[in-house]
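Nothing in this text is a laboratory measurement; each read-out follows from the coordinates by a stated rule. These numbers come from a predicted model, not from an experiment. Please note: Cβ atoms are built from the backbone with ideal geometry, for glycine as well, and neighbour counts cover all protein chains shown.
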Amino acid sequence: MKMTLPDNERALWLLKTKGPQPLVSLAKDLNVSTEGARFQLIKLSNEGLVDTHTESKGKGRPQQVWSLTPAGHARFPDTHAELTVRLIKKMQDTLGEAALLAVIEANGKDGQEKYLKELSNVTDLEGRVSGLARIRDEEGYMAAYSRDDDGYTLVENHCPICAAAQACLGFCKSELETFQTVLGDKASIERIEHIVKGGRRCAYKIKPQ
């Protein structure tokens, strides 16, 4: 997902993708002085988009750490959240939970077919993980992956369907099933962080079989 925020709001992108950050780290990533970064953050704070607190680690000097507020998170797209939630609730009330889950499952199978088609020529596990991260990033999940000693970690720093997922966890279950289908019997996958359950992001541990 490409950054579409104006230059004076780049700090929001960094806090969204990296989580809470000390002032010095933000200044380095923004390529500005500490005072320049502080000026930008204070402006964003006055707009209610970021907040700060002090953390003490060990014997060192306490650090000023910045993070996004709910309003800051809302600067990133949530696809027609209010309408989606209303439709989900209406379907539950009108057709029942089983019908809603059947629709979610059918939609998940469509997603599986799309992903499998795009990755049909990719046979190695890292290629599949990389391709999955690329597709999810293009869909707005701000996704990336990294290689670990025992496999890979796939992270999604944003959930454009968060409101829908909170209304019905069937969406999250379907996504995990889609990922496993894409990886096939080459690997196992486990969700280790979950936005819906209060996490900063969704993260998945992928281990070769």
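Summarising the amide proton neighbourhood of residue 194: residues at separation of 5 or more, or on other chains, whose placed amide H is nearer than 5 Å comprise 199, 201, 203.
Annotation: average projected area of the chain is 14.0 square nanometres, based on the convex hull of Cα atoms across all directions.
The mean sequence separation of alpha-carbon pairs under 8 Å and at least six residues apart, normalised by the residue count of the chain, gives a relative contact order of 17 percent. Other residues within the sphere of radius under 14 Å centred on the Cβ of residue 46, judged by their own Cβ, net out at -1 (K and R +1, D and E -1).
Where the only charges are on Cβ atoms (+1 Lys, Arg; -1 Asp, Glu), what is the dipole of the stretch 7-73 about its Cα centre, to the nearest 20 debye? Please list the in-between numbers first.
Values: 9 positive and 7 negative charges, 65 e Å.
Result for the stretch 7-73 is approximately 320 debye, rounded to the nearest 20.
Determine the alpha carbon to alpha carbon distance for each of 43/89; 18/109; 28/57; 117/207; 90/117; 117/173 and list only those over 27 Å.
Values: 43/89 39 Å; 18/109 31 Å; 28/57 20 Å; 117/207 23 Å; 90/117 33 Å; 117/173 21 Å.
With Cα atoms farther than 27 Å apart: 43/89; 18/109; 90/117.
The phi-based Karplus calculation (6.51 cos²θ - 1.76 cosθ + 1.60; θ = phi - 60°) puts the 3J(HN,Hα) values of the stretch 38-50 at 4, 4, 4, 5, 5, 4, 5, 5, 5, 8, x, 9, 9 Hz, whole numbers, x for Gly and Pro.
A simple rule links phi to the HN-Hα coupling: the Karplus curve 6.51 cos²θ - 1.76 cosθ + 1.60 with θ = phi - 60°, which for the stretch 84-90 gives 4, 5, 4, 5, 4, 5, 5 Hz, with x for Gly and Pro. Using only Cα coordinates, the Kirkwood hydrodynamic radius of the stretch 147-209 works out to 12.2 Å. With θ taken as phi - 60° and the Karplus curve 6.51 cos²θ - 1.76 cosθ + 1.60 applied, the whole-hertz 3J(HN,Hα) list for the stretch 94-99 is 8, 9, x, 4, 4, 5 Hz, x standing for glycine and proline. Close amide H pairs (under 5 Å, H built 1.01 Å from N) link residue 75 with no residue at least 5 positions away or on another chain. Counting every C-alpha pair in the stretch 7-73, the share spaced more than 17 angstrom apart comes to 34%.
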